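Input: a single structure, listed below in structure tokens.
The values are calculated or read from the model by the stated rules, or taken from the named source; none is laboratory data. Keep in mind it's a predicted model, so treat the numbers as computed, not measured. Don't worry about glycine lacking a Cβ; one is built from the backbone with ideal geometry, like all the others, and counts go over all protein chains shown.
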Amino acid sequence: MQKSPSNKGLLVALLVIGCWATSIILLMQWHFSFANPLVYLLVLVQMHLYTGLFITAHDAMHGTVSPNRSLNNFVGYLCTFLYASFWYPQLYTKHHLHHSHVHTDDDPDYHNGGFWNWYVRFIRNYLSIWQIVVMAALFNILKIWIPQPNLLMFWVAPSLLSTLQLFYFGTYQPHKGEHDNKYFARSQPRNHVVAFFSCYFFGYHYEHHDSPGTPWWQLWRG
């Protein structure tokens with residue numbers, strides 16, 4: 001794990017977490033109608049914020065959130081738990097295996113197959129029974145105070161959709177097929193607006209593998 005030379009990464013992380021927290025608190029209180037098209041737009045906004053949580057945790061795995069290792073790891077633990085009750089040390093270990101053994105049988109993110117087979121394998125590789133138990137328990141506790149439609153639309157659905165966003169732009173597109181570089185990765189065409197809204201510049205994936213100590217918010221400079 002590398003160290004961030006400044007606390008700019010921490011400020012960016014707090015901004016992402018703050019936006020997610022503000023959004024989800026407000027959405028849990030919203031008395032909405034399924035006929036309102038704004039509902040579905042806000043599901044996508046919330047999906048993007050969930051993706052931001054995971055990308056922030058990913059930066060923590062590379063030590064780019066804070067030069068203080070304990071604080072850096074705390075942000076990683078917090079973001080992975082808020083995202084979907086993931087266990088940060090497990091994700092940390094598997095992600096660094098991905099970097100060390102990219103595009104091989106020892107790469108936990110790689111699968112030589114089609115999109116859906118690869119996605120299912122990807123999810124199964126990271127999902128645990130305890131995570132499902134924790135999420136189910138949280139859902140049943142939260143619905144005591146929060147309407148179930150709000151939980152389903154703005155807590156459950158966005159996090160599930162976010163896994164597709166992360167997988168497609170951060171794993172499948174960059175690593176599928178054959179490659180002519182040592183990272184077995186490709187980057188999406190350079191359009192910074194598209195790159196941010198698709199997956200926080202994570203589509204610039206060759207740049208990430210070439211410089212894993214570069215935080216997501218600086219990948220566009222690569």
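Scanning segment 65-114 for residues that are aromatic (Phe, Trp, Tyr) and either under 17 Å from residue 54 (Cα atoms) or without any contact (Cβ under 8 Å) to a residue 24 or more places away in the chain (or both) yields 74, 77, 81, 83, 86, 87, 88, 92.
Conditions tested, residue by residue: (1) at pLDDT below 95; (2) touching a helix residue (DSSP H, G or I) at 6+ places or on another chain (Cβ under 7 Å); (3) within 18 Å of residue 163 (Cβ to Cβ).
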residue	(1), (2), (3)
20	no, yes, yes
24	no, yes, yes
35	no, no, no
39	no, yes, no
42	no, yes, no
62	no, no, no
75	no, yes, no
101	yes, no, no
109	yes, yes, yes
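Residue count for segment 162-195 satisfying the condition of being loosely packed, with under 14 Cβ neighbours inside 10 Å and under 24 Å from residue 114 (Cα atoms): 6.
When segment 9-43 is filtered for residues that are under 20 Å from the mean Cα position of the chain (by Cα), touching a residue at least 40 places away in the same chain (Cβ under 8 Å) and more than 19 Å from residue 80 (Cβ to Cβ), the ones remaining, listed by number, are 42, 43.
Residue pairs whose Cβ atoms lie under 9 Å apart, separated by 6 or more positions or on different chains, with the first residue in segment 188-208 and in contact (Cβ under 8 Å) with a residue 12 or more places away in the chain and at negative phi and the second small (Gly, Ala, Ser) and crowded, with 24+ Cβ neighbours inside 10 Å, are 188/203; 195/203. Just wondering, is there one or more residues in segment 145-166 that are at pLDDT 95 or above, in a loop (DSSP other than H, G, I, E, B), among the hydrophobic types (A, V, I, L, M, F, W, C) and at negative phi? Yes; the residues of segment 145-166 include at least one that is at pLDDT 95 or above, in a loop (DSSP other than H, G, I, E, B), among the hydrophobic types (A, V, I, L, M, F, W, C) and at negative phi.
Can you say whether residue 75 is more than 20 Å from the chain's Cα centre (by Cα) and part of a helix (DSSP H, G or I), as far as the supplied structure shows? Judged against the criteria, residue 75 is not a match. Does segment 78-90 hold any residues that are among the hydrophobic types (A, V, I, L, M, F, W, C), assigned to a loop (DSSP other than H, G, I, E, B) and surrounded by fewer than 19 Cβ atoms within 10 Å (Cβ to Cβ), and which are they? 87 - this is the single residue of segment 78-90 that is among the hydrophobic types (A, V, I, L, M, F, W, C), assigned to a loop (DSSP other than H, G, I, E, B) and surrounded by fewer than 19 Cβ atoms within 10 Å (Cβ to Cβ). Within segment 91-142, the residues that satisfy the criterion of being assigned to a loop (DSSP other than H, G, I, E, B) and surrounded by 15 or more Cβ atoms within 10 Å (Cβ to Cβ) are 102, 103, 107, 108, 109, 110, 111. Scanning segment 1-18 for residues that are buried (at least 18 other Cβ atoms within 10 Å of the Cβ) and not in a loop (DSSP other than H, G, I, E, B), we see that the one that is modelled with the lowest pLDDT is 9. When each of 198, 211, 159 is tested for being of a type in the set (Ser, Thr, Tyr) and surrounded by fewer than 18 Cβ atoms within 10 Å (Cβ to Cβ), the lone residue that passes is 211. Being loosely packed, with under 14 Cβ neighbours inside 10 Å and either aliphatic (A, V, I, L, M) or within 17 Å of residue 45 (Cα to Cα) (or both) is the requirement here; does residue 146 meet it? Taking the combined requirement at face value, the residue does not satisfy it. Number of residues in segment 45-67 that are buried (at least 23 other Cβ atoms within 10 Å of the Cβ) and on the phi > 0 side of the Ramachandran plot: the value is 0.
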